[in-house]
């Protein structure tokens, strides 16, 4: 665990077993009736989020470049999940989570500007590179993946979350409760409250507001450190914010 000066929170790395502490106070938001679209939903993170949200009672539309692949993936995730193209998932979702690979991030969002207009968009993409030394963070010209999304989607309500949630734990049906905090970033209190409400529907997940979108780079970049932790300790590490 890392300790900081008085007045700052501390960050601890967690395993999936202990119960989550109470969520920080947020304004009440009911998202239970809203459809969640997931772009790039056939990848591990997208599949895992779809599985957990559907188990919590959310209607989920899984998107992919190949609608048939998304439909086949959705069939394996149980009730509440359907599969289609990224375009249809963006069109059907009230809330849309972006889990596409970083390499396709700009092209995917740029092509869906109209479908995502007015939507609450949650960018969960981590710009990472890999070489012989392991994972390292990439800093986009806009500052972060979330800020790139905001630039590409000027009529959408862009937020950022789900960066540090283990895909292996999300997709493991033996894990009933996820012991992890999820950092939420955004420039609108109403939008971040809605994201926190969505996260709070998943048992064990606790949402913590972590600042405006301009602070997203360091949140995205921390995943490179988590990759190193997981490799060294053969773990599925997550985050827990203390004293909150």
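The values are calculated or read from the model by the stated rules, or taken from the named source; none is laboratory data. Keep in mind that what you see is a predicted model, and the values were worked out from it rather than measured. As a convention, Cβ positions derive from the backbone with ideal geometry for all residues, glycine included, and neighbour counts pool all protein chains shown.
When you scan segment 205-239, how many residues do you find that are outside any helix (DSSP H, G or I) and either in contact with a helix residue (DSSP H, G or I) (Cβ under 6 Å, 6 or more places away or on another chain) or buried (at least 19 other Cβ atoms within 10 Å of the Cβ) (or both)?
10
Looking at segment 92-172, what strands (runs of 3 or more DSSP E) fall wholly within it and have at least 2 residues that are under 23 Å from residue 189 (Cα atoms) and modelled with pLDDT of 95 or more?
95-98, 120-123, 157-160
Pick from 50, 71: which is in contact with a strand residue (DSSP E or B) (Cβ under 8 Å, 6 or more places away or on another chain) and over 18 Å from residue 120 (Cα atoms)?
Just a single option satisfies the conditions, and that option is 71.
Residues being outside any helix (DSSP H, G or I), under 23 Å from residue 119 (Cα atoms) and in contact (Cβ under 8 Å) with a residue 60 or more places away in the chain: count how many of those fall in segment 187-204.
Number satisfying all stated conditions: 2.
I'd like to verify a number: residues in segment 179-190 that are closer than 13 Å to residue 122 by Cβ and surrounded by 20 or more Cβ atoms within 10 Å (Cβ to Cβ), how many?
Count: 5.
Here are the criteria: (1) in contact with a helix residue (DSSP H, G or I) (Cβ under 8 Å, 6 or more places away or on another chain); (2) surrounded by 17 or more Cβ atoms within 10 Å (Cβ to Cβ); (3) over 18 Å from residue 161 (Cβ atoms). Tell me which single one residue 110 does not satisfy.
(2)
State yes or no: is residue 42 part of a loop (DSSP other than H, G, I, E, B) and either within 17 Å of residue 164 (Cα to Cα) or modelled with pLDDT under 95 (or both)?
no
Considering only segment 156-163, I want to know if a residue exists there that is over 16 Å from residue 36 (Cα atoms) and within 18 Å of the chain's Cα centre (by Cα).
Looking for residues that are over 16 Å from residue 36 (Cα atoms) and within 18 Å of the chain's Cα centre (by Cα), one finds at least one in segment 156-163, hence yes.
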